[in-house]
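This report refers to the structure that appears directly beneath it.
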Amino acid sequence: MAGKRRLSWFHVAAVVIALFIALPLYWLIASSFKGAGDITSAAAFPPHPSGANYVSAFSGYSFGTYLANSAIVSVATTAAVLCLGTLAGYALGRLPLRGKTAVMTALLMISLFPTIAVVAPLYLLMRDIGWLNSYQGLILAYTALMLPFAIWILRNYFLGIPREMEEVAYLDGASPLRTVVSVILPQALPGLFTAGIFTFVASCTEFIVALSLNSADRYRTIPVGIALFGGQFTTPYGTIFAASAVAMLPIAILVLVFRRAVVSGLTAGAVKG
């Protein structure tokens, strides 16, 4: 009886948490279909549904450009982080290296470092090499900021892979790189998906570095572009809601499609090490 009561309380808590997360998202989507006269209405459903805000986001503003910029930067950053993070995570998790504890501690400290503290040095560095208002400058900065966390996730996942298959590959004459590509990576796909999705989402939603490095409108990403919607005396809330809903869609699809892999990767990272 006590077990059933405890289980029912868990269900109630799960429902409350789900509603706490879902209601703001629903309000965002519902408000994106409200006209200018209804945007301040407290109605749960748009009184006069309209797609004008979505049209305004793409035609009245450069949201299409911001969307493309975010896609380019996020995909390139994710690819770079996964390539570098896989090699570094494998070396730290599987190879007999000295000072691994110190390296992992340093990576943890770097991943927890506030981004605002490194914006000024990053700006000066990109200015000196001529990479302000460019894709490569933002990609390089994001890769440096997000690589430590990806290394932690991948290294912990690699620790849970049995060494027997790796040893068999060595006996068959496979090089370390071939072993990683052919033996380790197929078993580490949940960890790769976890690191990749977290990197992609962080790249899509990061604001302060993108605002500092790319001031030109044609290089702005989604968060910066949406923040600069409107003028000095007007704020197009409906258009902002519509753009935010569009920006949220690919992230939501990624999380829903790969949710099992993400949970598996996070669980491995929590219990290995």
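Every read-out reported here was derived from the displayed coordinates using simple, explicitly stated rules and does not represent laboratory data. Just so we're clear, the structure is a prediction, and the values are computed from it rather than from any experiment. Quick reminder, even Gly has a Cβ in these numbers, built from the backbone with ideal geometry, and neighbours come from all protein chains shown.
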Practice prompt. Using Cα pairs closer than 8 Å and at least 6 residues apart in sequence, work out the relative contact order for region 103-219, in percent.
Written response: 43 percent
Worksheet item: On a 0 to 90 degree scale, rounded to 10, what angle separates helix 259-271 from the longest Cα axis of the chain?
Response: 50 degrees
Worksheet item: What is the fewest-to-most order of 226, 208 by other Cβ atoms lying within 10 Å of their Cβ?
Response: 208, 226
Practice prompt. Would you please classify the overall shape of region 1-130 from the alpha carbon gyration tensor, given that a ≥ b ≥ c denote the square roots of the eigenvalues, rounded means a/c under 1.5, and beyond that prolate means a/b larger than b/c while oblate covers the rest?
Written response: oblate
Worksheet item: Any idea what the relative contact order of the chain is, in percent, if you count C-alpha pairs under 8 Å spaced at least 6 apart?
Response: 30 percent
Worksheet, complete the sentence: Neighbour-count ranking for 25, 132 (other C-beta within 10 angstrom, fewest to most) reads 25, 132
Discussion item. Rounded to two decimal places and with Rh computed the Kirkwood way over Cα pairs, what is Rg over Rh for region 149-207?
Written reply: 1.11
Worksheet item: Over the Cα atoms of region 92-137, what Rg and Dmax result, in angstrom?
Response: 15.5, 42
Discussion item. Report D for region 48-109 in µm² per second (integer): Stokes-Einstein, Kirkwood Rh on Cα pairs, 20 °C, 1.002 mPa s.
Written reply: 139 µm²/s
Worksheet, complete the sentence: With R₀ set to 22 angstrom, the calculated FRET efficiency between the beta-carbons of residue 208 and residue 105, to the nearest 0.05, is 0.30
Worksheet item: When the Cα atoms of region 144-273 are enclosed in a convex hull and the volume is divided per residue, what value in Å³ results?
Response: 138 Å³
Fill in: Translational diffusion coefficient (Stokes-Einstein; Kirkwood radius from C-alpha pairs) of region 52-271 at 10 °C, 1.306 mPa s, in µm²/s
83 µm²/s
Practice prompt. Report, in degrees rounded to the nearest 10, the 0 to 90 angle that the Cα long axis of helix 135-159 makes with the longest principal axis of the chain.
Written response: 50 degrees
